[in-house]
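A quick write-up on the structure given underneath.
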Amino acid sequence: MSAFTGALVTALVAVAVYLYLDFQAKNTLTPFANTNCTRITGEKTAPLWGPEDIIVHDDIILTGTDDRAWMIRGRHMQTMLTDKDQGAIFAMDLRAKEPKFVKVPMKGFPGPDFHPHGIGLLREGRRTYLFVVNHRRNEDAIEVFEWLLTNKDASTAQSRVGTLRYLYSSVDPAGHRELNDVVPVSTRSYYTTNWLSHEPNSPMMLYEVFTFQPWNFVLFCEIDVNNATKCVKAAENIVMPNGINVSPDKNTLYVNAGLARQLLVYDRHQNNSLSLRTPVDISFAADNVDVTENGDVYLAGQLNIFACYRHLQDISRSGNPVPGKVVRIRADRKDPTKFTQEVVFADDGHVVRMLTGAAFHRGKLYLGTVLEEGLVVCDAPHIV
């Protein structure tokens with residue numbers, strides 16, 4: 001059998017397996033009834049496109065936005081963007097009398113090339129830092145900001161949102177080009193996922209995705225006093241590592257292996273190396289992962305990979321809904337290798353056309369998406 005024939009057979013078998021899994025997942029999905037959901041959009045002059053990753057901090061919802069159609073269709077489209085075609089960080093103060101999303105000013109950012117993807121938050125003492133995956137035209141970078149929140153009252157939407165003060169950028173010398181998400185563990189160190197080995201929408205990327213190739217990895221990176229970056233592979237041989245986060249004590253690292261339909265749970269050691277504690281099998285392709293202050297893990301993602309592909313190719317952004325769900329995962333207190341799973345939200349794709357992120361806060365679920373405008377918030381009194 002030639003190499004080409006072998007690759008073709010592998011692809012056909014993989015597609016058949018995934019079609020079966022997608023069919024099975026779709027037909028076991030029961031959308032949540034009587035869930036009161038609303039969509040919060042931005043202003044006409046500052047639309048909230050693709051709030052893909054969500055963070056809740058001190059009653060403030062934080063998200064990165066960008067019109068990601070260029071990225072889905074290939075990086076060659078990025079050369080057509082102008083300085084006006086940039087992403088932004090948005091925040092909504094839930095304590096405001098009339099909460100709404102406002103663009104967070106970025107002081108000192110050299111820009112103008114800013115296309116955020118995954119975001120990660122770090123608290124050290126009284127200071128708060130935001131790490132952002134930025135898809136520049138010629139490279140991927142992690143942009144590091146100090147988030148300068150204000151202590152004003154909640155009389156206006158911008159009251160406590162504050163500003164982002166640019167500190168420095170981190171670029172992997174190896175030039176890994178498909179970074180997805182980031183979680184900081186100190187002001188000068190972080191883990192990040194490299195989710196693809198080939199450019200989005202390329203023939204090799206399609207082969208990689210639809211044959212579930214374990215070609216990708218998690219990087220651990222450190223930034224020295226001269227702002228030079230050194231990265232090492234902390235975990236390898238992963239099928240599309242996507243969302244990443246860390247436990248409140250920073251001893252456990254969570255990585256969504258999307259197409260493998262697994263949450264990978266790693267023990268993090270003092271030298272920042274990782275060892276796989278256990279893979280947790282889940283029934284869908286999880287995207288982002290959120291960890292609450294009490295250690296609960298929330299996964300959001302899609303049930304049908306082919307519906308995802310059709311949705312991402314839809315220029316109108318209004319068609320091809322993708323079934324999705326949110327699962328809460330809790331570790332067993334006696335056995336750290338065992339986890340319980342509970343579906344806390346399910347949708348056939350008509351509430352959120354492609355679900356990518358979820359954060360639970362004060363009885364509500366905040367749901368993100370990759371191409372649509374606006375963030376969806378749902379009442380969730382059933383989550384206790």
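The values are calculated or read from the model by the stated rules, or taken from the named source; none is laboratory data. Please read these numbers as outputs of a predicted model, since none were measured by experiment. We place every Cβ from the backbone using ideal geometry, glycine too, and count neighbours over all the protein chains shown. For accessibility, only protein heavy atoms count, side chains too; no ligands or nucleic acids. Shrake-Rupley method; radii C 1.70, N 1.55, O 1.52, S 1.80 Å.
Quick notes on this one:
- When we screen Thr211, Thr192, Thr278 for residues that are surrounded by 15 or more Cβ atoms within 10 Å (Cβ to Cβ), farther than 24 Å from Ile329 by Cβ and polar (S, T, N, Q), the only hit is Thr211.
- Filter result (of a type in the set (A, V, I, L, M) and modelled with pLDDT of 90 or more) within the range 150-188: Val161, Leu164, Leu167, Val171, Ala174, Leu179, Val182, Val183, Val185
- Residue check for His198: in a loop (DSSP other than H, G, I, E, B), open to solvent by 20 Å² or more (accessible area, probe 1.4 Å) and either among the small types (Gly, Ala, Ser) or touching a helix residue (DSSP H, G or I) at 6+ places or on another chain (Cβ under 6 Å) (or both): yes
- Number of the condition not met by Thr150 [criteria: (1) of a type outside the set (Phe, Trp, Tyr); (2) assigned to a loop (DSSP other than H, G, I, E, B); (3) under 23 Å from Leu299 (Cβ atoms)]: (3)
- From the list Asn256, Asn237, the one residue that fits, being open to solvent by 20 Å² or more (accessible area, probe 1.4 Å), under 16 Å from Trp215 (Cα atoms) and part of a strand (DSSP E or B), is Asn237.
- Candidate set from the range 91-105 (those that are at pLDDT 90 or above and farther than 13 Å from Asp59 by Cβ); member that is most open to solvent (accessible area, probe 1.4 Å): Lys103
- Those residues of the range 124-141 which are surrounded by 13 or more Cβ atoms within 10 Å (Cβ to Cβ) and part of a strand (DSSP E or B), in sequence order: Thr128, Tyr129, Leu130, Phe131, Val132, Val133, Asn134, His135, Asp140, Ala141
- Among the candidates Ala69, Ala11, Ala25, Ala88, residue that is under 28 Å from Pro321 (Cβ atoms), at pLDDT 95 or above, open to solvent by less than 50 Å² (accessible area, probe 1.4 Å) and among the small types (Gly, Ala, Ser): Ala88
- One residue stands out in the range 293-311 among those that are in a loop (DSSP other than H, G, I, E, B) and out of contact with any helix residue (DSSP H, G or I) (no Cβ under 6 Å at 6 or more places or on another chain): the one that is surrounded by the most Cβ atoms within 10 Å (Cβ to Cβ), namely Asp296.
- Which listed residue, of Asp314, Asp290, Asp335, is in a loop (DSSP other than H, G, I, E, B), surrounded by 14 or more Cβ atoms within 10 Å (Cβ to Cβ) and not aromatic (Phe, Trp, Tyr): Asp314
- Within the range 348-363, residues that are hydroxyl-bearing (Ser, Thr, Tyr) reach no partner that is at pLDDT below 95 and open to solvent by 50 Å² or more (accessible area, probe 1.4 Å) with beta carbons closer than 8 Å at six or more positions or on different chains.
- Complete set of residues in the range 364-376 that are at pLDDT 95 or above and either open to solvent by 20 Å² or more (accessible area, probe 1.4 Å) or touching a Cys at 6+ places or on another chain (Cβ under 7 Å) (or both): Lys364, Leu365, Leu367, Val376
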